[in-house]
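Structure first, commentary second.
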Amino acid sequence: MMTTKIRGLTSGVGYKRTCGLLLGGLLSLMTAGAAQAAPALLSHQAPLELDGSAAGWILTSTALVLLMTLPGLALFYGGMVRRKNVIATITQSLGVAAVVTLAWFAAGYSLSFGVGQPIAGYSGDEVNSVIGSLEAVFLRGVTPETAHAVAPALPEYLWIAFQLTFAIITPALVTGAFAERLKYSGLLLFTGLWTLLVYAPICHWVWGGGFLGSAGVLDFAGGAVVHVNSGVAGLVCAVFLGARKGYGVSPIVAHNPVLTMIGASLLLVGWIGFNAGSAWAADAIAAVALLNTLLAAMAASLTWKIVEVIEKRKPSLIGVLSGLIAGLVAITPAAGFVDPMGAVIIGLIAGPVCYAASVWIKKLLRYDDSLDAFGIHGAGGVAGAILTGVFASAAVNAAGADASVMKQLWGLGVTAGWSAGVTFLILIVCKLTTGLRVSESQEDDGLDGHLHGEVLEAS
């Protein structure tokens, strides 16, 4: 049989073997090329292991938490100010949302949930205990195939959006402390700096792998990160800016409690996503968090009403709604750690505590926390965080097994100290640049016309 030489090899079995080797080598090269082309994961990332039911619940929760700010908080605050400042107050919530969204995209997410890298002789672990990284600035390295390592079942883009809604509402809550007297330009600068310098570090300390979370400080959905942080910052802002003209001399009355009722109702519904969404899945912990949220809110609304009736003989709508929000705030750090009985007790305590902070303490110390950012969110967050250490149950969530009041107090102290100190510095920067307070004539006439060129028609 005649054979034909091909590069020293004969046709037949040798030829077939050669072809097989060539094809196999080609496939190996293609596979290696593809592997090299695949981008390396960032330090905080894991490959996506999609759980469709979990992703569906967090998609819903993201929408619910955004609803809390727009339009929930905007209407809640808008109804409690005087008519001449309604548009300005509502516009503050929208301005905050816009600035925080871009700050979160630029660096907020990376600083909050990135993994700290070695720098200046400090190890990666040492850096990560206090701050994240800049690996994911402008969301570089985030793709549809990546997930954050703490939530591998969720697309990272969804995780970013969900956490963004928490970042948005936190400085939006602060605006209640300085309502009716702050320049809009000052608000925007304050919000951008505060998001990156106050919210991002505290978020990282508790939820992003930092030293508070690692030490066992429990904060299921933002008692410290959101409420104590915003409440303390609000108190600093209120004292720094000084009281509104006429405060304590002439009555300052809410112009439309009905708007406040609508806003509070939207906050209540949105809080389901806030608390139950923080389970990161549609599971049993999400279910107990949802029920606890409702129980605590209604319990606090009732006890606030009782105290108000004892003191003033009549339950006001604003008071009842304030009690409702107080219960929601207090249960936030505990929602996924306590059983329903614990939630009811937390709510019953939160009502009188927040009433005392919003009415008696504010009157005693004479500071003008316009819409009780500290009285409700600061005081309610502190009460809820401490009571989380008391009522957390391993039967509800295994993470509650090591709950400690002392750990909670330490976490609150660190959070409050950082929030107060850095907020003060940011206010100084804003005062020296954009300015902070409107003129006396603008305050007299109202911020709507002067700052936004829009006013509500007289009824």
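Yes or no: region 395-411 includes at least one residue that is farther than 29 Å from A284 by Cα, modelled with pLDDT of 95 or more and surrounded by 15 or more Cβ atoms within 10 Å (Cβ to Cβ). Give the steps one after another, and end with the answer.
Residues of region 395-411 that are farther than 29 Å from A284 by Cα, as a first pass: 410.
With modelled with pLDDT of 95 or more added as a condition, the list becomes 410.
Keeping just the survivors that are surrounded by 15 or more Cβ atoms within 10 Å (Cβ to Cβ) gives 410.
Yes, some residue in region 395-411 is farther than 29 Å from A284 by Cα, modelled with pLDDT of 95 or more and surrounded by 15 or more Cβ atoms within 10 Å (Cβ to Cβ).
Would you mention how many residues in region 232-257 are among the basic types (K, R) and either in contact with a helix residue (DSSP H, G or I) (Cβ under 6 Å, 6 or more places away or on another chain) or assigned to a helix (DSSP H, G or I) (or both)? Spell out how you get there, then give the answer.
To start, the set of residues in region 232-257 that are among the basic types (K, R) comprises 244-245.
After this cut, where a residue has to be either in contact with a helix residue (DSSP H, G or I) (Cβ under 6 Å, 6 or more places away or on another chain) or assigned to a helix (DSSP H, G or I) (or both) as well, the list is 245.
Summing the residues that are among the basic types (K, R) and either in contact with a helix residue (DSSP H, G or I) (Cβ under 6 Å, 6 or more places away or on another chain) or assigned to a helix (DSSP H, G or I) (or both) in region 232-257 gives 1.
Determine whether G273 is in contact (Cβ under 8 Å) with a residue 60 or more places away in the chain, farther than 24 Å from L317 by Cα, buried (at least 23 other Cβ atoms within 10 Å of the Cβ) and of a type outside the set (D, E, K, R).
Details: in contact (Cβ under 8 Å) with a residue 60 or more places away in the chain: yes; farther than 24 Å from L317 by Cα: yes; buried (at least 23 other Cβ atoms within 10 Å of the Cβ): yes; of a type outside the set (D, E, K, R): yes.
In short, yes.
Please give the number of the condition S112 fails out of (1) over 30 Å from I252 (Cβ atoms); (2) surrounded by fewer than 23 Cβ atoms within 10 Å (Cβ to Cβ).
That leaves (2) as the condition not met.
I'm trying to understand the selection: among the residues of region 173-215, which are farther than 19 Å from A106 by Cα and of a type in the set (G, A, S)?
G176, A177, A179, S185, G186, G209, G210, G213, S214, A215 - these are the residues of region 173-215 that are farther than 19 Å from A106 by Cα and of a type in the set (G, A, S).
Of everything in region 117-139 that's of a type in the set (S, T, Y) and more than 28 Å from T101 (Cβ to Cβ), which residue is surrounded by the fewest Cβ atoms within 10 Å (Cβ to Cβ)? Even if it seems obvious, please write down each step before you answer.
Of region 117-139, the ones of a type in the set (S, T, Y) are 122-123, 129, 133.
The next check asks that each one be more than 28 Å from T101 (Cβ to Cβ); those that pass are 122-123.
Working: Y122: 14, S123: 12.
Per the stated criteria, the residue is S123.
Restricting the search to region 190-211, which residues are crowded, with 24+ Cβ neighbours inside 10 Å and part of a helix (DSSP H, G or I)? If you could, list the steps in order and put the result at the bottom.
Let us first name the residues in region 190-211 that are crowded, with 24+ Cβ neighbours inside 10 Å, namely 190-191, 194-195, 198-200, 202-206, 208.
Residues satisfying the conditions are F190, T191, W194, T195, V198, Y199, A200, I202, C203, H204, W205, V206.
Residue check: is T89 polar (S, T, N, Q) and either in contact with a Phe, Trp or Tyr (Cβ under 6 Å, 6 or more places away or on another chain) or free of Cβ contacts under 8 Å to residues at least 12 places away in the same chain (or both)?
Numbers: polar (S, T, N, Q): yes; either in contact with a Phe, Trp or Tyr (Cβ under 6 Å, 6 or more places away or on another chain) or free of Cβ contacts under 8 Å to residues at least 12 places away in the same chain (or both): yes.
Spelling it out, T89 is indeed polar (S, T, N, Q) and either in contact with a Phe, Trp or Tyr (Cβ under 6 Å, 6 or more places away or on another chain) or free of Cβ contacts under 8 Å to residues at least 12 places away in the same chain (or both).
Residues G351, G342, G378: which one is buried (at least 19 other Cβ atoms within 10 Å of the Cβ) and within 20 Å of the chain's Cα centre (by Cα)?
On the way: G351 fails: within 20 Å of the chain's Cα centre (by Cα); G342 fails: within 20 Å of the chain's Cα centre (by Cα).
Unique residue meeting the criteria: G378.
Quick check: is even one residue across region 236-245 within 25 Å of L59 (Cβ to Cβ) and either crowded, with 24+ Cβ neighbours inside 10 Å or basic (K, R) (or both)? Walk me through how you get there before you give the answer.
First pass over region 236-245, keeping only residues within 25 Å of L59 (Cβ to Cβ): none.
No, because not a single residue in region 236-245 is within 25 Å of L59 (Cβ to Cβ) and either crowded, with 24+ Cβ neighbours inside 10 Å or basic (K, R) (or both).
How about region 416-447: which of its residues are farther than 15 Å from G186 by Cα and under 22 Å from the mean Cα position of the chain (by Cα)?
Residues satisfying the conditions are A416, G417, W418, S419, A420, G421, V422.
Being part of a helix (DSSP H, G or I) and under 29 Å from A224 (Cβ atoms) is the filter here, so list the residues in region 421-456 that pass it.
Within region 421-456, G421, V422, T423, F424, L425, I426, L427, I428, V429, C430, K431 qualify.
Tally up the residues in region 419-452 that are among the hydroxyl-bearing types (S, T, Y) and surrounded by 15 or more Cβ atoms within 10 Å (Cβ to Cβ), please.
First, pick out the residues of region 419-452 that are among the hydroxyl-bearing types (S, T, Y): 419, 423, 433-434, 439, 441.
Cutting the leftovers down to surrounded by 15 or more Cβ atoms within 10 Å (Cβ to Cβ) gives us 419, 423, 434.
Matching residues across region 419-452 total 3.
Going through region 395-420 one residue at a time, which ones are touching a residue at least 60 places away in the same chain (Cβ under 8 Å) and not in a helix (DSSP H, G or I)? Give the derivation first.
Step one: of region 395-420, the residues touching a residue at least 60 places away in the same chain (Cβ under 8 Å) are 396-397, 399-400, 402-404, 407-408, 410-412, 414-416, 418-420.
The answer is V396, N397, A403, S404.
When you go through S301, S322, S265, S370 one by one, which is the residue that is within 25 Å of the chain's Cα centre (by Cα), in a loop (DSSP other than H, G, I, E, B) and of a type outside the set (F, W, Y)? Steps first, please.
Working: S301 fails: in a loop (DSSP other than H, G, I, E, B); S322 fails: in a loop (DSSP other than H, G, I, E, B); S265 fails: in a loop (DSSP other than H, G, I, E, B).
From the options S301, S322, S265, S370, the qualifying one is S370.
For residues that are without any contact (Cβ under 8 Å) to a residue 12 or more places away in the chain and either surrounded by 19 or more Cβ atoms within 10 Å (Cβ to Cβ) or of a type in the set (S, T, N, Q) (or both), tally how many sit in region 381-394.
Kept after step one, since they are without any contact (Cβ under 8 Å) to a residue 12 or more places away in the chain, are these residues of region 381-394: 394.
Now narrow it down to the ones that are either surrounded by 19 or more Cβ atoms within 10 Å (Cβ to Cβ) or of a type in the set (S, T, N, Q) (or both): none.
Residues that pass the stated criteria total 0.
The values are calculated or read from the model by the stated rules, or taken from the named source; none is laboratory data. Source: prediction; values computed, not measured. For neighbour counting, all protein chains shown are included, and Cβ atoms are generated from backbone atoms with ideal geometry for every residue, glycine included.
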